[in-house]
Amino acid sequence: MEKGKANIDYQNKVITIRGLEKSFGDFEVLRGIDLDLYQGENLVVLGRSGTGKSVLIKIISGLLKADKGEVNVLGCNLNTITEKELQELRVRIGFSFQNSALYDSMTVRKNLEFPLVRNQKGITRTEINTSVERVLDAVGLLHTINQMPSELSGGQRKRIGIARTLILNPEIMLYDEPTAGLDPITCIEINDLINEVQQNFHTSSIIITHDLTCAKSTGDRIAMLLDGQFQRVGSFDEVFSTNDDRVKPFFEYNFIQ
Amino acid sequence: MSTINKSPVPAAKKGPSFKTRLSNAFVTLYNINNFILRFFRQAFVPPFEFKEVMRQCYETGVRSFTLITFTGFITGLIFTKQSRPSLANFGAQSWLPSLVSIAIMRALAPLITALIAAGKVGSSIGAELGSMRVTEQIDAMEVSGTKPFKFLVCTRVLATTLTIPILATYTGFIALLGGYLNVSVNEGTSYTTFMEQVFEPLTFVDFVASLAKAIVFGFTIGIVGCYQGYYSTKGTEGVGKAANGAVVTAMFLVFVEEILIVQIAGWFR
């Protein structure tokens, strides 16, 4: 279950966030977030529901705009980026959605081909087939290639969602609740897959979760989001060696109950 | 012991004020305007999604084909039947084909087609895009570096704009067929004579106006359906609202456009 050693380059930051603030109406979700993601690192963001974890990765992927602060992703400042530059940047970022967000009307093959065909001009049919089969093989679901998303289980859908992002060889992976709603065995498989993606595709990842098993087995570093700010950042043991009443229940619920 | 003084009649829930509603209406109008401009900015710029446009054209046509055939035929038949007594009072039954053709080709064919398409196609577009929005499929397209607006909205709007004029023409001929059946049974008019009388009162302006109407109706149904679905919120409730909003708004706009185009066509006659 413990995570193996990853090749992290601590000299190279792929994401830098300073003083990030985001509100929805009167509700301040993020209140001055500072964050660095190093190349090759898996950073787990923990926090209660509604604390803005998903909002954070949506800002990183350009789906939402920050109210204040600086967000720098792969050398691009999201405050000053043009629409065209953002589109190019997005190809370098993979986003795995909580509900997988597979295109209902397309087969698994079409789901995977969709971003590939639209981002790589002049790609041949053979190259498309090779890429699709390669990523499906990487997630262990080559046999589902002609199935519709409605015919897949929750765990399979998650894997296909990850495969769809991997097809563009992203440098950064953003996982939104990768193990939510899955049985424990499938959760372990997804955790292993996240680690395999880190190793084999050399990605840097932000993993949003409140599943501590997932956090422990995938995270090189844990960041605890409390009251709109990262209150505790460090290794799993460092984050949870505290008597803070806002942190302790996470550990107790996941490992003692 | 204290008692809680409960009013027997619950206080009426206050809705938004007139000022808020008015300002919301202007915001919506502004957003729709931007949506339309975005369509024109993206629809005619490569890369083109020919395959998806063709697929949507097929979907639009197939979804409405049976209902349009049935409704068109019945409309022509009933309209002819109901008009006969009035003309018979003046001994003018022979004008029946001309009357039917003017009514059908100038007004009924595009209008009936648009209303059916608003119900069948508009609601389906609203629900489909609404569902894609709430299940984050549109966001997924966006973060994978593709343009969901171009793939989802432009293709559907182009498909309705191209298909509804074809369907309207088809409705016209099917309705005339219904009219012919009635005239043929009652007056024994031959097909050739009926068709000669049908086309005699129609002018070039009638055909152009009818075609223009169908194009405008098709564009409206596509844009309204896509707008409602694309900006759908609030989960499954939002999907229902998007589908309903697509039908109601499109039908309302179709009637407004009908009045305007009839007025404009009148100036050229």
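Relative contact order of segment B:48-268: 35 percent, from C-alpha pairs under 8 Å at least 6 residues apart in sequence. Residues A:Phe230, B:Phe18, ranked from the fewest to the most other C-beta atoms within 10 Å, line up as B:Phe18, A:Phe230. Restriction of the trypsin sites (Lys or Arg not before Pro) in segment A:94-157 to DSSP coil positions whose beta-carbon has at most 12 other beta-carbons within 10 angstrom yields A:Lys121. Note on A:103-115: average number of Cβ atoms from other chains within 10 Å of each residue's Cβ is 2.
Here is how the number arises for the protein assembly as shown: DSSP H runs of 4 or more residues each give -39500 (n - 2.57), the sum is divided by the residue count, and the result at 222 nm is -18000 deg cm²/dmol. Of interest is the spacing of the C-alpha centroids, which for segment B:51-90 and segment B:227-267 amounts to 21 Å. Taking chain B as a Gaussian network of alpha-carbon nodes connected by springs under 10 Å, the highest mean-square fluctuation of the residues B:Ser190, B:Ser83, B:Ser23 belongs to B:Ser23. Sequence-distant contacts, meaning Cα pairs under 8 Å at least 6 residues apart, place the relative contact order of segment B:22-152 at 32 percent.
Packing order of peptides B:95-104, B:73-82, A:143-152, highest average first: B:95-104, B:73-82, A:143-152 (average count of other Cβ atoms within 10 Å over each peptide's residues).
Working ranking of peptides B:255-265, B:204-214, A:65-75 by packing, defined as the average number of other Cβ atoms within 10 Å per residue, highest first, is B:204-214, A:65-75, B:255-265. Residue-wise HN-Hα couplings along segment B:34-51, as the Karplus relation 6.51 cos²θ - 1.76 cosθ + 1.60 with θ = phi - 60° gives them from phi, are 4, 4, 5, 4, 4, 4, 5, 6, 9, 5, 10, 10, x, x, 8, 9, 4, 4 Hz; Gly and Pro carry x.
The DSSP beta bridges internal to the protein assembly as shown are antiparallel in roughly 55% of cases. With R₀ fixed at 25 Å, the C-beta to C-beta distance from B:Asn244 to B:Ile74 puts the FRET efficiency at about 0.45.
Note on chain A: GNM, Cα springs under 10 Å; of A:Asp104, A:Asp192, A:Asp36, the largest mean-square fluctuation is that of A:Asp104. Springs between Cα atoms under 10 Å define the GNM used for chain A, and in it the highest mean-square fluctuation of A:Thr203, A:Thr16, A:Thr126 occurs at A:Thr126. Ordering of B:112-121, A:172-181 by packing is B:112-121, A:172-181, highest average first (other Cβ atoms within 10 Å, averaged per residue). For the pair segment A:67-126 and segment A:136-202, the centres of their Cα atoms are 16 angstrom apart. Applying 1/(1 + (r/R0)^6) with r as the Cβ-Cβ distance of B:Phe50 and A:Glu127 and R0 = 22 angstrom yields a FRET efficiency of 0.55. Legend: mean number of C-beta atoms from other chains within 10 angstrom of residue C-beta atoms, peptide B:143-154, equals 5.
Any read-out appearing in this document is the output of simple, stated calculations on the displayed coordinates, not a laboratory observation. Treat the numbers as computed from the prediction; the structure is a model and nothing was measured. Backbone-built Cβ (ideal geometry, glycine too); neighbour counts: all protein chains shown.
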